[in-house]
Amino acid sequence: MNILSIATRPFVGQRPGTSGLRKKVTVFQQPHYLENFVQALFDTLPDRAGKTLVLGGDGRFHNRAAVQTILRMAAANGFGSALVGRGGLLSTPAVSAVIRKRAAYGGIILSASHNPGGPDGDFGIKYNISNGGPAPEKLTEAIYERTQAIAEYRIADTAEPVDIDTLGTHSLGEMRIEVIDPVADYAELMQSLFDFDAMRAWFAAGHRMRYDAMCAVGGPYAKAILEGMLGAPAGTVVNGEPLEDFGGHHPDPNPAHATELIAAMSGAAAPDFGAASDGDADRNMILGRDFVVTPSDSLAVLAANATRVPGYRDGLAGIARSMPTSCAADIVAQALGIPCYETPTGWKFFGTLLDADRATLCGEESYGTGSNHVREKDGLWAILFWLNLQAATGQSVESLVRHHWTRFGRHYYSRHDWEGISTERADALMAALRAKLPSLAGAEFPAAGKALRIEQADDFAYTDPVDGSVSQRQGVRLLFAGGSRIVFRLSGTGTEGATLRVYLERYEADPLQHDQAAQEALAALIEIADTVAGIRSHTAMPGPTVIT
Ligand code: G1P
Ligand code: ZN
C-alpha cells in the first residue's frame, strides 16, 4: 500500500467543544478539513501502532464519506485494525461498549448528537479513549494545539472504497478492517443488566410502549431489543430508520422537539410508556401517559430504585450529576448514605469517577443518563431501566415519580435557552454577570409576598477528586436560601452564534404543592434571572427560544 503525505495548512477554530468538534457539514466538506483534525488526533496518540480503533457514527449526511477517509488515514498511521459498524453506524453508547468489550485502544464517533443533519445541517467528530469514554480535556486541548501547527497528513493511496455494508473482514494495506453488527455487543450488555424475562412478560400482558427513534441511529438498537428480544409489537418503534437528514427533524428528545411523541402519549388510549432518543442515541426522554419526566427526576428515581434491577442489585457506590442538573439526586444519595458528586457540564467529567468506582449512576439535565456499564450516557439503557422498573413494580411511570416526590420532595425544574445571540452580546452578558458576583450574595428579591435571598453567588469551579485536575469558569450560580438555584452558562456545542442556557430550580417538600405547572412554580426565579443578568436588554430578544 502506498502512503501519501499531503501538505496542508492549519484551519482556525478546530477546538473540540463540550462534546467533540462540531461544525456545519459545508465546513467539514472543505478539502483537508476533516483530514487535518484526524491527523492532529492521531499525532497525539504516539503509541497507536498496531492498535485497534473503533469507528462509527449516527448515520447523518457525510458519515459514509468520512468513514472512508478515516479508514484510509488510520491505515496510513499504523493502526493494526479497525472495527467499523455496518453501514458506518454505531451509536455513541455502542462505541463505548465495543471499545470496552474488545479492549480497543480508542474510537472515533461521527456525530453532532442532536443537532439537525443533512447537507445544510451539522457534522461532528469526537474521540473516545480506551475506557470507552470521551477524551479528557487534556487530550482535546492537545489535539487542538496540534491542529494549529499541522503541516501534513498521511493517507493511504487508494480510490477504492472499503465495503462497509457487509459483515466480515477486509484489509487496507497492513490494517485489518472488521465490519461488525452495530447492535450485537450492545444488546448483549443490556441483557447482562436488565431482567429481560420480566420485560417480556410486561409486553405479553398487553402493556404498550412508543419509542420514537427520531429517524436517527437509535432505531436499529430499539427494534432489535424491544421488538426483537422483548417481543414488543411491531410498530412500537416509530421513526426507526436512520436517515441522513433525520427526516428533516431535529433529533433532540425534549418537549420542544419531540412534539409528535408528546401528542401520541396524551389521552386514555395512549400507550403506557413513551420514550425517545437523539441523533447518536445517547440522550433519552421518558414519558408516562400524559406525564413527562424531567431528566433530573429520572436520575433520582433510577437511583432510588436501582436495587430492583439485576445490574444494580448490590446498590450504588455513588451518584454524579452535572452542576446545572437539579439536586433531586443529592437527596436520594443522602438517604442511601452514598456520595453525590457535582461536576461541570459534559459527560467527560464523569469518567474518572466511574473508573474509580466512586459513582455508579450519572446524569445531566440535558436528557443524559447513564451508569458504569459504559463511559457515555446511554439513551436506550435509561429507557430499558424505566421499562424494567415498571415491569418489576407493576407501577406506571407517573406513579413511580409521584411516589418519589412524596418521599423525597419535588424539584421543580426548567431550562430556558436563548439561542442565536451574537457572540459579542453573549460574552458581554456573562462578563457583566461575573463582574456583579461579589455584590450578589445576600441580595434579596421580592417573590409572591416573600423575599428570596441569594446565599451564595459564584462561578462554578471543579477539582476532580480522582486526578486533581481543575476546571474553572463552568457557569455562574445563584444559590438561594431554601435550595432554589439559578445557573447561567453559555453552550459549548453550538455551531452558530451563542446560546445562553438559564437553569431554574425550586425545591418543594410539601406533597400538597406538587401539582403546579413548572413554569408557574418557577415564575419568581424566571423574573429574578432576567433582573440579575439583564438578559432581555443584553440580547434584545423578547424571550427564550426553547423552554424545556
Ligand atoms: C449540551 C448539554 C450537556 C451535554 C452536551 C453533549 O452541552 O447541555 O449537558 O453534555 O450538550 O450532549 P452545551 O451545549 O450546554 O455545552
Ligand atoms: Zn447525543
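Determine the distance separating the Cα centre of the stretch 393-432 from the Cα centre of the stretch 322-378; give it in Å without decimals.
So the separation of the two Cα centres works out to 16 Å.
Net charge within 10 Å of Pro119 by Cβ-Cβ distance, Lys/Arg positive one each and Asp/Glu negative one each, not counting Pro119 itself? Walk me through the numbers before you get to the answer.
Details: positive: Lys24; negative: Asp120, Glu244, Asp245.
Here the count lands on -2.
So how far apart, in nm, are the two label points at Glu496 and Gln513 if each is 7 Å from Cα heading toward Cβ?
About 4.1 nm separates the two model spin labels.
Can you sort Ser266, Ser19, Ser491, Ser277 so the residue with the fewest Cβ neighbours within 10 Å comes first? Mind showing how you got there, number by number?
Details: Ser266 14, Ser19 24, Ser491 18, Ser277 32.
Sorted ascending by nearby Cβ count, the order is Ser266, Ser491, Ser19, Ser277.
So how far apart, in nm, are the two label points at Thr259 and Arg200 if each is 7 Å from Cα heading toward Cβ?
4.1
Could you sort out which of Lys23/Lys223; Lys101/Lys377; Lys23/Lys138; Lys23/Lys51; Lys138/Lys377; Lys126/Lys377 sit more than 23 Å apart by Cα distance in this structure? Mind dumping the intermediate values first?
Working: Lys23/Lys223 30 Å; Lys101/Lys377 17 Å; Lys23/Lys138 21 Å; Lys23/Lys51 29 Å; Lys138/Lys377 21 Å; Lys126/Lys377 14 Å.
Long pairs (Cα-Cα over 23 Å): Lys23/Lys223; Lys23/Lys51.
Measure nothing but the geometry: give the 0 to 90° angle between the long axis through the Cα atoms of 379-393 and the longest principal axis through the Cα atoms of the chain, rounded to 10°.
Once rounded, the angle reads 50 degrees.
In nm, what is the difference between 0.36 nm times the number of residues separating Ser396 and Asp427 and their Cα-Cα distance?
Values: separation 31, 0.36 × 31 = 11.16 nm, distance 4.45 nm.
Gain on stretching Ser396 to Asp427: 6.7 nm.
Starting from the Kirkwood radius over alpha-carbon pairs of the chain, derive D by Stokes-Einstein at 37 °C in a medium of 0.692 mPa s and give it in µm² s⁻¹. Before the final figure, lay out each step's value.
Values: Rh = 23.9 Å.
Rounded to a whole number, D works out at 137 µm²/s.
Please give the FRET efficiency for Thr26 paired with Gln456, using the beta carbon to beta carbon distance and R0 = 45 Å, rounded to the nearest 0.05. Please report the intermediate quantities before stating the final value.
Numbers: r = 44 Å, r/R0 = 0.99.
After rounding to 0.05, the efficiency reads 0.50.
Quick one: which residues, 5+ away or cross-chain, put their amide H under 5 Å from the amide H of Arg176? H built at 1.01 Å from N.
Those qualifying (amide H under 5 Å, at least 5 residues apart or on another chain) are Ser81, Ala82.
Check Asp212: other-chain or 5+ apart residues with amide H under 5 Å from its amide H, H built from backbone geometry?
Val238, Ala275, Ala276, Ser277
Along Cα→Cβ, 7 Å out, is where each label goes; now give me the distance between the ones at Ala448 and Gln472 in nm to one decimal.
3.9
Per residue of the stretch 479-491, what does 6.51 cos²θ - 1.76 cosθ + 1.60 with θ = phi - 60° give for ³J(HN,Hα)? Whole Hz please, x for Gly and Pro, Karplus curve as stated.
Karplus-based 3J(HN,Hα) across the stretch 479-491 equals 10, 9, 4, x, x, 6, 9, 10, 10, 10, 7, 9, 5 Hz.
Order of Thr166, Thr393 from fewest to most other C-beta atoms within 10 Å?
Working: Thr166 9, Thr393 13.
Taking fewest neighbouring Cβ atoms as first place, the list is Thr166, Thr393.
Quick one: angle between helix 137-147 and the longest Cα principal axis of the chain, in degrees between 0 and 90, rounded to 10, please.
That helix lies at roughly 50 degrees to the long axis.
At 0.36 nm per residue, minus the direct Cα-Cα distance, what do Asp157 and Ser439 gain on full extension? Give it in nm, one decimal, please.
Values: separation 282, 0.36 × 282 = 101.52 nm, distance 6.22 nm.
Roughly 95.3 nm would be gained on extension.
Can you list the HN-Hα couplings for the stretch 196-206, worked out from phi with the Karplus curve (6.51, -1.76, 1.60; θ = phi - 60°), rounded to whole Hz and with x for Gly and Pro?
Residue by residue, the stretch 196-206 yields 5, 5, 4, 6, 4, 5, 4, 5, 4, 6, x Hz.
Would you mind ranking Thr26, Thr158, Thr325 by Cβ crowding within 10 Å, fewest neighbours first?
On the way: Thr26 13, Thr158 17, Thr325 29.
By the 10 Å Cβ count, ascending: Thr26, Thr158, Thr325.
Quick one: 3J(HN,Hα) in Hz for the stretch 361-374, Karplus 6.51/-1.76/1.60 with θ = phi - 60°, rounded, Gly and Pro as x.
10, 9, x, 10, 5, 7, 6, x, 9, x, 8, 6, 6, 9
Bear in mind these aren't lab numbers, they're just calculated from the coordinates by the rules spelled out. Being a predicted model, the structure only gives us computed values, none of them experimental. Every residue, glycine among them, receives a Cβ derived from its backbone with ideal geometry; neighbour counts consider all protein chains shown.
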